[in-house]
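No value in this document is a laboratory result; all are computed from the given coordinates. Since the structure is predicted, the reported quantities are computational estimates derived from the model, not experimental observations. Note that each Cβ is placed from the backbone with ideal geometry, even for glycine, and that neighbours are counted across all protein chains shown.
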Amino acid sequence: MLKVATLASGSSGNCAVVSDGRIHILIDAGISTRRIAQGLRALGLELRHISGVLVTHEHIDHVAALPVLCKQTQAPLYTAEGTALELCGRWSGLAERFQVFEPGQRFAVSGLEVGTFPTSHDCACPCGFYVTDGNRKLALCTDTGFVTPQAREGVRGAHTLIGEFNYDPEMLRTGPYPLHLKERIRGDRGHLSNEMGGQFAAWAGSQGTRRVILAHLSQENNLPELALAAAEKALAELGLGKKDVELAAAPRGQATGWFEV
């Protein structure tokens, strides 16, 4: 049985774990190794059980734990070549741990198939992932200013989607951020708004997705109830309700329990 949990999700740190009960894969490591270990223990796992770490991009809220994590586990790191180069320039001793790919490639991590697809973000080579055991499929698509055609293909048919609902447009407009940062967030290499995330979630639902985990909600520019309302509205516009697609907002600073994919 494929299952997934988020250990943290938001602008201050991101980390998720997907497992089939034998193989356990982290997606990003943007919180401390101590917090990752605590989150894993709550799920019945230890750091030594990690089979690999998938890295979406090099921003610190997705990679902060890597130097310490690599000292405490033997898990290989999987990321796009451009991201690996950025991280090797930042921290020494990581080069031998990377297994690089070009977005669009697929590979195996200890028996689970991993697919990759490009996203659109202001970094070297951002990507999203799907993970499948051959029966069930999990997809993660966050940190993107728009949904690329390749992302749609990667997400199509996923039973569970971890998708971005970063900001509420009105909260961002009236919030404390300087104008240049607001423009970055809502630009094509920034983040998805609640409405954009909702439209993507509804499309995924029309393609077979039965659970959407709303992820990467901004602490300053969003609220879970606003994100959930936008998702529900978009689903309803396609004739989909709660019985068709289950919605859950990932907490910013704490772990969830397991979700069955």
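With Rg and the Kirkwood Rh both taken from Cα atoms, where does Rg over Rh land for the range 73-189?
1.03
Provide the convex hull volume over Cα atoms per residue for the range 221-261, in Å³. Each step should come with its number before you reach the end.
Details: hull volume 3.4 nm³, N = 41.
In the range 221-261, the Cα hull volume divided by residue count equals 84 Å³.
For the range 99-160, take the convex hull of the Cα atoms, compute a quarter of its surface area, and give me that in nm², please. The partial results should precede the final answer.
Working: hull surface 17.0 nm².
Computing the convex hull of the Cα atoms and averaging its projections yields 4.3 nm².
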For a quick check of your reading of the filter: which GluC sites (Glu not before Pro) in the range 176-245 sit in a DSSP loop and have no more than 14 other Cβ atoms within 10 Å?
E220
Kindly provide log₁₀ I(q)/I(0) values, in the same order as q = 0.08, 0.09, 0.10, 0.12 Å⁻¹, from the Debye equation applied to equal alpha-carbon scatterers of the chain.
-0.27, -0.35, -0.43, -0.64
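Could you give the alpha-carbon Rg of the range 24-83 over 2.2 N^0.38 Å, rounded to two decimals? Display every interim value, and only then the final one.
On the way: Rg = 10.7 Å, N = 60, 2.2 N^0.38 = 10.4 Å.
Normalised by 2.2 N^0.38 Å, the Cα Rg of the range 24-83 equals 1.03.
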The Cα extents of the range 1-151 along the principal axes, largest first and rounded to whole Å, are 38, 35, 28
Which number comes out as Rg/Rh for the range 156-216 once both Rg and the Kirkwood Rh are worked out on C-alpha atoms?
1.07
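What number, in percent, do you get for the relative contact order of the range 47-187 if the mean sequence gap of Cα pairs under 8 Å and at least 6 apart is divided by its residue count? Provide the component values of the computation, followed by the final result.
On the way: 228 pairs, mean separation 23.4, N = 141.
Once normalised by length, the contact order is 17 percent.
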log10 I(q)/I(0) for the range 47-116, Debye formula on C-alpha points only (no solvent), q = 0.15, 0.18, 0.28 Å⁻¹, two decimals, reads -0.45, -0.66, -1.46
What the Cα atoms of the range 135-261 span along the principal axes, largest first and in whole Å, is 46, 30, 27
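Checking a compactness column here: for the range 140-183, what do you get for Rg(Cα) / (2.2 N^0.38 Å), N being the number of residues? Numbers along the way, then the final one.
Values: Rg = 13.8 Å, N = 44, 2.2 N^0.38 = 9.3 Å.
Relative to the 2.2 N^0.38 Å estimate, the range 140-183 comes out at 1.49.
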